[in-house]
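Chemist: If you scroll down you'll find the structure; I have some questions about it.
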Amino acid sequence: MQTILGANGQIAEELARYLHDHVTTDLRLVSRHPRRMFPTDDLVAADLMDAEATSAAVAGSDVVYLTVGLPIDSTLWEQQFPVMMANTIAACEKHGAKLVFFDNTYMYPRTSAPQTEDTAFEPVGRKATVRAETAEMLLTAMRDGRVEAVIGRAPEFYGPDKTKSLTNSLIFDRIKQGKRPLVPISAHTRRTLIWTPDASRGLGVIGNAADAYGQTWHLPVDPARSTYAGLIEIASEVTGRDIGYTTVPGWMFKLGGLVNQQAKEITELLPRYREDNVFESAKFAARFPDFAVTTYREGITRLLS
């Protein structure tokens, strides 16, 4: 049996589809309020902040995917992510389950240097610090032989359905609504985005490859190095209309943060939009050459058509 912890988010739902269609129909979906996707799903309601509930949810699993997402709230992240990781590691250790962790890049340096699996952590800010701490907990448990695990890391999302990201909300959602897209900080720095279904499929692939364990993998991305200006140009071609954009400077986000908590939380991430953000997934491409990566044009076409 394969188990998804944090089963209601976009990554988890796409992962469940991939596992059901390509790996096994013996799936357990775990969250506070799990929802069945397929008739064969085993639903378990559990709070991953509760060690006993987490252990019970993991019992009987061969592979466990930790895909929990939380709202962008530094305090909530600090309170919950490390505890959920500790409980999941303990549960997998107790029940002999493999662990697949879906991670992000917040702990990486805020520079234009290409990011690889060997990039050292240099967290700046509360959210980056807690993500580094959470990843290090698992890496330590792996080195100590407590758990057989693998980390799948992804850059910023863009994608369909419930996908949440700054790019989706400021760029593509606004284009779909007929509004002028808002570009954070710079339209001309190179960006790497991951199509959420690709992130989920990639996670499922490494979770079912025995030789992938004991490592960190960057999940598959389009190797093209586009900019927001380039992405909006593709959107113009896809929709057949001339789409302009407005660049939002950092001071406007900071001003918004005085009255809006979410805008305040976003300000920690803004330095990543001032520099090129290049995420390399060549390791994944070399190991899994048959994986079909969604190009930016294909993804944008799906979003806007």
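The values are calculated or read from the model by the stated rules, or taken from the named source; none is laboratory data. All of these numbers come straight from a predicted model, not from anything done at the bench. Counting neighbours? That spans all protein chains shown, and the Cβs are built from the backbone with ideal geometry, glycine included.
Chemist: Please pick out the residue among 208, 168 that is more than 30 Å from residue 142 (Cα to Cα) and not hydrophobic (A, V, I, L, M, F, W, C).
Modeler: None of the other options fit; the residue is 168.
Chemist: Can you name the condition, by its number, that residue 107 falls short on among (1) in a loop (DSSP other than H, G, I, E, B); (2) out of contact with any Pro (no Cβ under 8 Å at 6 or more places or on another chain); (3) under 30 Å from residue 188 (Cβ atoms)?
Modeler: (2)
Chemist: Can you confirm whether residue 103 is at pLDDT 95 or above and crowded, with 18+ Cβ neighbours inside 10 Å?
Modeler: Taking the combined requirement at face value, the residue satisfies it.
Chemist: Conditions first: (1) at pLDDT 95 or above; (2) buried (at least 19 other Cβ atoms within 10 Å of the Cβ); (3) closer than 23 Å to residue 177 by Cβ. Residue 218 passes all but one, so which condition is the exception?
Modeler: Result: residue 218 fails condition (3) only.
Chemist: Examine the stretch 68-80 for a residue that is surrounded by fewer than 16 Cβ atoms within 10 Å (Cβ to Cβ), more than 19 Å from the chain's Cα centre (by Cα) and part of a loop (DSSP other than H, G, I, E, B), and state whether such a residue exists.
Modeler: Checked against the condition, which is being surrounded by fewer than 16 Cβ atoms within 10 Å (Cβ to Cβ), more than 19 Å from the chain's Cα centre (by Cα) and part of a loop (DSSP other than H, G, I, E, B), the stretch 68-80 yields no hits at all.
Chemist: If you take just the strands (runs of 3 or more DSSP E) that sit entirely in the stretch 120-202, which of them hold at least 3 residues that are touching a Lys or Arg at 6+ places or on another chain (Cβ under 6 Å) and crowded, with 22+ Cβ neighbours inside 10 Å?
Modeler: none
Chemist: Mind telling me which of the residues 71, 82 ends up being over 26 Å from residue 211 (Cα atoms), of a type outside the set (S, T, N, Q) and out of contact with any helix residue (DSSP H, G or I) (no Cβ under 6 Å at 6 or more places or on another chain)?
Modeler: After applying the criteria, what remains is 71.
Chemist: Which of the residues spanning the stretch 140-170 are free of Cβ contacts under 8 Å to residues at least 40 places away in the same chain and either among the aliphatic types (A, V, I, L, M) or over 20 Å from residue 198 (Cα atoms) (or both)?
Modeler: 140, 143, 144, 145, listed by residue number.
Chemist: Checking the structure you have, find out if any residue of the stretch 90-98 is buried (at least 22 other Cβ atoms within 10 Å of the Cβ), of a type in the set (D, E, K, R) and under 20 Å from residue 205 (Cα atoms).
Modeler: The answer is no, given that none of the residues of the stretch 90-98 is buried (at least 22 other Cβ atoms within 10 Å of the Cβ), of a type in the set (D, E, K, R) and under 20 Å from residue 205 (Cα atoms).
Chemist: Taking residue 251 as the residue in question, decide whether it is under 22 Å from residue 118 (Cα atoms), among the aromatic types (Phe, Trp, Tyr) and out of contact with any Ser or Thr (no Cβ under 7 Å at 6 or more places or on another chain).
Modeler: The answer is no for residue 251.
Chemist: It is to be established whether one or more residues within the stretch 228-251 are within 25 Å of residue 107 (Cα to Cα), β-branched (Val, Ile, Thr), more than 15 Å from the chain's Cα centre (by Cα) and assigned to a helix (DSSP H, G or I).
Modeler: No, every residue in the stretch 228-251 fails to be within 25 Å of residue 107 (Cα to Cα), β-branched (Val, Ile, Thr), more than 15 Å from the chain's Cα centre (by Cα) and assigned to a helix (DSSP H, G or I).
Chemist: Has the stretch 21-32 got any residue that is assigned to a helix (DSSP H, G or I) and either in contact with a strand residue (DSSP E or B) (Cβ under 7 Å, 6 or more places away or on another chain) or at pLDDT 95 or above (or both)?
Modeler: Checked the stretch 21-32: at least one residue is assigned to a helix (DSSP H, G or I) and either in contact with a strand residue (DSSP E or B) (Cβ under 7 Å, 6 or more places away or on another chain) or at pLDDT 95 or above (or both).
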